[in-house]
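What follows is a set of notes on a single structure, which appears directly below.
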């Protein structure tokens, strides 16, 4: 029997990779009068609901998904939060 999971995935550029969108946002915030902005980095947020036999399998599937499609491991880092969803009562 499989379980349902909800994953929140965060993808960000590696610290060594230039983030032109972040630089543009930082500049805009400073021009708007927000002082003290040291750095802005832009990333992606992805939600996935999946079925898996257990939490270990869900973690493995998410790692594979992120490495293959959701993140570019050459220039991006990713992390995710996994939550088991409650089993729905049978009608």
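Do we have any residue at all in the range 32-46 that's touching a residue at least 12 places away in the same chain (Cβ under 8 Å), exposed (fewer than 10 other Cβ atoms within 10 Å of the Cβ), closer than 26 Å to residue 3 by Cα and out of contact with any helix residue (DSSP H, G or I) (no Cβ under 7 Å at 6 or more places or on another chain)?
Checking the range 32-46: at least one residue is touching a residue at least 12 places away in the same chain (Cβ under 8 Å), exposed (fewer than 10 other Cβ atoms within 10 Å of the Cβ), closer than 26 Å to residue 3 by Cα and out of contact with any helix residue (DSSP H, G or I) (no Cβ under 7 Å at 6 or more places or on another chain).
Of the residues in the range 47-71, how many are loosely packed, with under 14 Cβ neighbours inside 10 Å and touching a helix residue (DSSP H, G or I) at 6+ places or on another chain (Cβ under 6 Å)?
Going through the range 47-71 one residue at a time, the tally reaches 0.
Look at the range 47-57 and say how many of its residues are in contact (Cβ under 8 Å) with a residue 40 or more places away in the chain and either closer than 18 Å to residue 15 by Cα or over 15 Å from the mean Cα position of the chain (by Cα) (or both).
Summing the residues that are in contact (Cβ under 8 Å) with a residue 40 or more places away in the chain and either closer than 18 Å to residue 15 by Cα or over 15 Å from the mean Cα position of the chain (by Cα) (or both) in the range 47-57 gives 6.
Could you tell me which of the residues 74, 23 is surrounded by 11 or more Cβ atoms within 10 Å (Cβ to Cβ) and either modelled with pLDDT of 95 or more or over 30 Å from residue 88 (Cα atoms) (or both)?
Within the list 74, 23, the selection yields 23.
The values are calculated or read from the model by the stated rules, or taken from the named source; none is laboratory data. Since the model is a prediction, treat every value here as computed from it, not as a measurement. Using ideal geometry, Cβ is built from the backbone for each residue, glycine included, and neighbour counts are taken over all protein chains shown.
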